[in-house]
Amino acid sequence: MTTTKSHTSVWNNCLKIIKDNVSSQNFKTWFEPIKAVKLDAIVLTIEVPSQFFYEWLEEHYIDLLRKTVRHELGKEARLEYSIVMEDTFNNAKPYTINIPGKQNNDLKNPAVSMPIGSSPAIRNPFIIPGLRKINVESNLNSNYSFDHFVEGDCNRLARSAGYAVANKPGGTSFNPLLIYGGSGLGKTHLAHAIGIEVKNKAPGKTVLYVACDKFITQFTESVRNNNQNDFVHFYQMIDVLIIDDIHYLAGKEKTQDVFFAIFNHLHQNGKQLVLTSDKAPVDLQGIEQRLLSRFKWGLSADLQMPDLETRMAILRKRMYIDGIVLPDEIAEYIAYSITNNIRELEGALISILAQASMNKKAITLELAKQMIDKFVKNTTHEVSIDYIQKVVCDYFNLGIDVLKSKTRKREVVQARQIAMYFAKAMTKSSLSTIGMHCGGKDHATVLHACRTVNNLMDTDKKFKANVTDLQKKINIHSK
Ligand code: ADP
Ligand code: MG
């Protein structure tokens, strides 16, 4: 029974689950500083270091927290926060305020006291029969505007296509507009920016942003509640429909069917579709061909890793927006160290601030280095995937474009697998990032490549000699 559990043991169990679901950097920054302070039957109270910290958790980890606490304490479980206030009078003890839990489903502020059970997140949003237009809550986050989106080589096409679409929804050849790219590269931000811009320019348009997993849940619930038609009608009256992360549709045939119907209706009526995905349409597995071919009617634009200059510009903008003042050398250090994920770039900035404010230390380059080095060892010297590919291609006398192509020629496949193997061994990139760099392969392909290379090294002397040789070359050049 829950009453026999202690707050510490419950929270420790939660932490175990959380640890498996977030990067170690994020775990250190956002979860280690949390203290469990009270357990009252099914209400767990945790103490967080600041208001800012609480808001960050709410914005980024609400789902994870909800799931884990529910896992530990059952469906009705609730989470309450208490915030340690900054100690402004030197040695007075920090004090704690309790954010009181609310009983009802407060959708705007679910974290404050989440009714963790009974999937409260989705209200039936569907149209009331007979009404043509209703006021649809667009679900747009005003922080994710074009103003806040830094333009760079990495996103120029996607950004300008997005901007064009926002100014003439349904009226450009970019319909649908599919924005794709790896995690943390700005897909969600850009998707919101389009919606916000439409609302600014044409307030009368019905804009809806929906995360694909929510779309799927809504559909499943509509089937259960036997109001599938309402679901379809609701979506068919949107002027600008933005669905984020459509790769979640993979394998969901029923939802794909219904999305297909919605897509056709909107497209035929000159309505705009904006979609995002973590892969290019050709690499989206588990999605019906007829949908994929429709994606090609419009424009697919990718978001790439930002270069150093863009990373600096993003940090500067972030600091400007949040009113943060940091010495240039520190921002530069962050931008140099964290190269392939804008979310992590911002996370590093925030965690340096959080550390500094928690320990009441001034932010120095030394502190920044300590923080970042803890998380991203040797990043400034880390070989890049591009670099590994170049060395491997030179070695086997292949063009980079061939390596990144879809060709199944044996020698190319092998070179590609070796490049993946080194990328896994020598960089901190995730399997899917590596796959993306090697011609849009998925993480399973990369994993398979690493295993194949390991096996061949055990069994094939010549192969092993090649790999060892290559390893030396990569090492030399990366010094
Ligand atoms: P994705 O959806 O691709 O995983 P997000 O859109 O959530 O990535 O972006 C991650 C973070 O990086 C967000 O805080 C976002 O505001 C920020 N970001 C991404 N691209 C840019 C950009 N070009 N300029 C400013 N901030 C950006
Ligand atoms: Mg996203």
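The values are calculated or read from the model by the stated rules, or taken from the named source; none is laboratory data. Because the structure is a prediction, the values reported are computed rather than measured. FYI the Cβ positions are ideal-geometry reconstructions off the backbone, even for glycines, and counts take in every protein chain you see. Surface areas here come from the heavy atoms of the whole protein model, side chains and all, with no ligands, DNA or RNA. Shrake-Rupley method; radii C 1.70, N 1.55, O 1.52, S 1.80 Å.
Projected label points at N12 and N269, each 7 Å from Cα along the beta carbon direction, are separated by 5.7 nanometres.
Would you mind working out the magnitude of the charge dipole of the stretch 385-478 relative to its Cα centre, with +1 at each Lys and Arg C-beta and -1 at each Asp and Glu C-beta, to the nearest 20 Debye? Before the final figure, lay out the partial values.
Values: 16 positive and 8 negative charges, 28 e Å.
Dipole about the Cα centre, nearest 20: 140 debye.
Put simply, when 416-425, 461-470 are sorted by average Cβ atoms within 10 angstrom per residue, most first, you get 416-425, 461-470. Computed about its Cα centre, the charge dipole of the stretch 196-324 is approximately 300 debye, with only Lys, Arg, Asp and Glu carrying charge at their Cβ.
Take each peptide in 273-280, 8-15, count the other Cβ atoms within 10 Å of every residue, and average; sorted highest first, the result is 273-280, 8-15.
Between the residues S432, A193, V10, the greatest Cα displacement towards the positive end of the dipole of the chain, with unit charges on the Cβ of Lys, Arg, Asp and Glu, is found for S432. Quick check on the stretch 245-301: take the gyration tensor over C-alpha atoms, sort the square-rooted eigenvalues as a ≥ b ≥ c, and tell me if it's rounded (a/c under 1.5), prolate or oblate. Oblate, because a/c is 1.5 or more while a/b does not exceed b/c. Between L157 and D213, the simple label model (points 7 Å from Cα in the Cβ direction) yields a spacing of 2.9 nm. Pairwise alpha-carbon distances in the chain exceed 42 Å for 24% of all pairs.
Taken along the Cα-to-beta-carbon direction at a fixed 7 Å, the label points for N475 and S145 span 5.3 nm.
Look at the dipole of the chain built from charges on Cβ: of Y333, L208, T29, the Cα furthest out on the positive end belongs to L208. Here the gap between K462 and E411, fully extended at 0.36 nm per residue and compared with their Cα-Cα distance, gives a gain of 17.0 nm.
Which peptide among 331-338, 390-397 comes first, and what is the full order, when sorted by highest mean count of other Cβ atoms within 10 Å? List each step's numbers first, then the result.
Numbers: 331-338: 20.6, 390-397: 17.0.
Most protected by this proxy first, the peptides run 331-338, 390-397.
Derived value for the stretch 308-378: Kirkwood hydrodynamic radius 12.0 Å. Basis is the mean of 1/r over every pair of different alpha-carbon atoms. Projecting the Cα atoms of V150, I287, P169 onto the charge dipole of the chain (Cβ charges, centred on the Cα centre) puts I287 farthest toward the positive pole. Note on the chain: with charges restricted to the Cβ of Lys and Arg (+1) and Asp and Glu (-1), its dipole about the Cα centre is near 1020 debye.
Taking all pairs of distinct Cα atoms, average 1/r, flip it, and tell me the Kirkwood hydrodynamic radius of the stretch 385-478 in Å to one decimal place. Don't jump to the answer; show the numbers that get you there.
Working: mean 1/r = 0.0774 Å⁻¹.
Radius from the Kirkwood sum: 12.9 Å.
Overall size of the stretch 158-302 from C-alpha positions, given as principal axis extents largest first: 40, 35, 26 Å. Remark: relative contact order (the chain) = 11 percent; criterion is Cα-Cα distance under 8 angstrom and separation of 6 or more residues. Normalising the average separation of contacting C-alpha pairs (under 8 angstrom, six or more residues apart) by the number of residues puts the relative contact order of the stretch 308-378 at 33 percent.
Solvent-accessible surface of the chain, taken per residue with a 1.4 Å probe and all protein chains present: 50 Å².
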